[in-house]
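Engineer: What follows is a single structure, and I will ask about it in a moment.
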Amino acid sequence: MMALERQNSTAAHWSQQQYERFFAPAGPSATEGIAFVAEVEPEGGRSPSVFAFLVAHRIDTEWELQNLVVSVGSRRKGVATRLVQEMIAAVRAQQGTVILLEVRQSNQAARDLYRELGFEETGLRKSYYSNPSENAIICRLTL
C-alpha cells in the first residue's frame with residue numbers, strides 16, 4: 001500500500017507508523033477503521049498485487065475517508081467509484097450518518113468523482129497539504 005501511495009502525487013502520504021497504527025489490533029484508545037483493497041491475484045503462487053485501496057475511520061456516527069489511491073494503469077475504469085460505493089454501503093450498514101473527506105483543490109478528477117457520488121463541497125482548508133503545499137476542499141456526504 002505504501003509503495004502504491006508513494007507513486008501517486010495527490011494521495012495523502014502516510015508514514016509506516018501511521019499505517020501500522022491504522023491496522024493494529026483494537027485497543028482502548030483505538031478508533032474503528034475500515035479498509036478496502038483491490039488486488040490482482042497473480043499466477044504461480046506469488047503474493048497478490050494491490051492496485052487500489054481506500055482507508056477510513058469512524059468517530060461516533062461520522063466517518064472520514066482518509067485516503068483513496070488507484071494505480072495509474074487502473075484509473076478511469078471505475079475502481080475508485082467501486083471502492084467509495086463499498087465504503088458508503090458499509091457506513092450505512094453501521095448506521096453512520098456522515099462521511100467527510102479532504103481533497104486537493106487541484107485534483108479535479110477526484111472532486112468530480114465525489115460530486116457524482118453525492119458529496120457536497122462544504123469548505124476550504126488553506127495550505128492543508130504539503131509536498132507540494134496546497135489547499136484542501138472539504139467534502140461531505142450526509143446519509
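The values are calculated or read from the model by the stated rules, or taken from the named source; none is laboratory data. Worth saying up front: this structure is predicted, and the values here are computed from it rather than measured. We place every Cβ from the backbone using ideal geometry, glycine too, and count neighbours over all the protein chains shown.
Engineer: Out of everything in segment 81-111 that is among the polar types (S, T, N, Q) and in a helix (DSSP H, G or I), what residue ends up being surrounded by the fewest Cβ atoms within 10 Å (Cβ to Cβ)?
Structural biologist: Once the filter is applied, the top-ranked residue is 108.
Engineer: Sticking with this structure for a sec: For segment 43-80: of the residues being of a type in the set (S, T, N, Q) and part of a strand (DSSP E or B), which is surrounded by the fewest Cβ atoms within 10 Å (Cβ to Cβ)?
Structural biologist: Looking at the filtered set, the residue picked out is 49.
Engineer: Identify, by number, the condition in (1) under 18 Å from residue 21 (Cβ atoms); (2) free of Cβ contacts under 8 Å to residues at least 40 places away in the same chain that residue 67 doesn't meet.
Structural biologist: For residue 67, the exception is condition (2).
Engineer: Identify the single condition in (1) at pLDDT below 70; (2) in contact with a helix residue (DSSP H, G or I) (Cβ under 8 Å, 6 or more places away or on another chain) that residue 16 does not satisfy, given that it satisfies every other one.
Structural biologist: The failed condition is (1).
Engineer: Between a first residue in segment 105-126 that is more than 20 Å from residue 82 (Cβ to Cβ) and a second residue that is surrounded by 14 or more Cβ atoms within 10 Å (Cβ to Cβ) and of a type in the set (Lys, Arg), which pairs have beta carbons less than 7 Å apart while being 6 or more apart in sequence or on different chains?
Structural biologist: Once the first residue is more than 20 Å from residue 82 (Cβ to Cβ) and sits in segment 105-126, its partners that are surrounded by 14 or more Cβ atoms within 10 Å (Cβ to Cβ) and of a type in the set (Lys, Arg) give 120/140; 122/140.
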